[in-house]
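Trainee: Okay, handing you the structure first.
The numbers here are math on the coordinates, done by the rules we state, and not lab data. What you are looking at is a predicted structure, and each value in this text was computed from that prediction instead of being measured. Note that we place each Cβ from the backbone using ideal geometry, even for glycine, and neighbour counts take in every protein chain shown.
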Amino acid sequence: MIDETALLRTFEAGEIDPAAFSHRDHLRVGWAMLGPGGSPFHEAYVRYRRGLVELTRAAGAPEKFSETQTLGWLALIHEALESTGERAAFDAFERRSGLNGRSLSDRYPPGRLGSGPARLGLLLP
């Protein structure tokens, strides 16, 4: 497993293999943007979004990009960083954050996150 700095660099360069980019890697990238580097949320969002748009294009599935999920996950990471204060190590952040693969979907009614409007813009739960 590569460290978060290398992961972030390859993510932003568009050099990530989409098939190998896991949910955990999504969290690690968001944490690396908001945590140790301390980028303001709005700057991190632009970078995170750009990388995920490129990743879905590279996977041949640009229609899978979701504005709601992208913004929602980054907001959950931001909130967890603020509550845990864990910026030194991703593994510690991951343990303390309580985030898991359903952290966002558990906040939304069934079907809402996968809808067309959720892909195009922000839908609140």
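Trainee: Considering only Thr68, Val53, Ala32, whose Cα is most displaced toward the positive end of the charge dipole of the chain, charges sitting on Cβ of Lys, Arg (+1) and Asp, Glu (-1)?
Mentor: Thr68
Trainee: Here is a further query. With mean projected area of the Cα convex hull in nm² as the read-out, I listed (i) 18.0; (ii) 8.6; (iii) 7.2; which label goes with the value calculated from this structure?
Mentor: Identified label for the calculated read-out: (iii).
Trainee: Percent relative contact order of the stretch 4-120, based on C-alpha pairs within less than 8 angstrom and at least six residues apart?
Mentor: 27 percent
Trainee: A further question follows. Treating only the Cβ of Lys, Arg, Asp and Glu as charged (+1, +1, -1, -1), what charge dipole size does the chain show about its Cα centre? Round to the nearest 20 debye.
Mentor: 320 debye
Trainee: Using a Gaussian network model of the chain whose springs link C-alpha atoms within less than 10 Å, name the residue from Ala58, Ala13, Ala80 with the highest mean-square fluctuation.
Mentor: Ala13
Trainee: Turning to a different aspect of this structure: Which distance in Å, rounded to a whole number, links the C-alpha centroids of the stretch 64-123 and the stretch 1-49?
Mentor: Cα centres, the stretch 64-123 to the stretch 1-49: 14 Å.
Trainee: Let me ask you something else. Once the other residues with Cβ under 12 Å from the Cβ of Gln69 are scored (Lys, Arg +1; Asp, Glu -1), what is the net sum?
Mentor: +4
Trainee: Right, something else. Mind checking the full-extension length gain between Ala75 and Arg24? Use 0.36 nm per residue of separation minus the Cα-Cα distance, one decimal, nm.
Mentor: Using 0.36 nm per residue and subtracting the Cα-Cα distance, I get 16.8 nm.
Trainee: Tell me the mean residue ellipticity at 222 nm calculated for the chain from its helices only (DSSP H runs of n ≥ 4, each -39500 (n - 2.57), averaged over every residue, nearest 500).
Mentor: Estimated from H runs of four or more residues: -17000 deg cm²/dmol.
Trainee: How much length is gained if the chain between Asp17 and Ser105 is pulled fully straight, taking 0.36 nm per residue apart and subtracting their Cα-Cα distance, in nm to one decimal?
Mentor: Residue separation times 0.36 nm, minus the Cα-Cα distance, leaves 29.2 nm.
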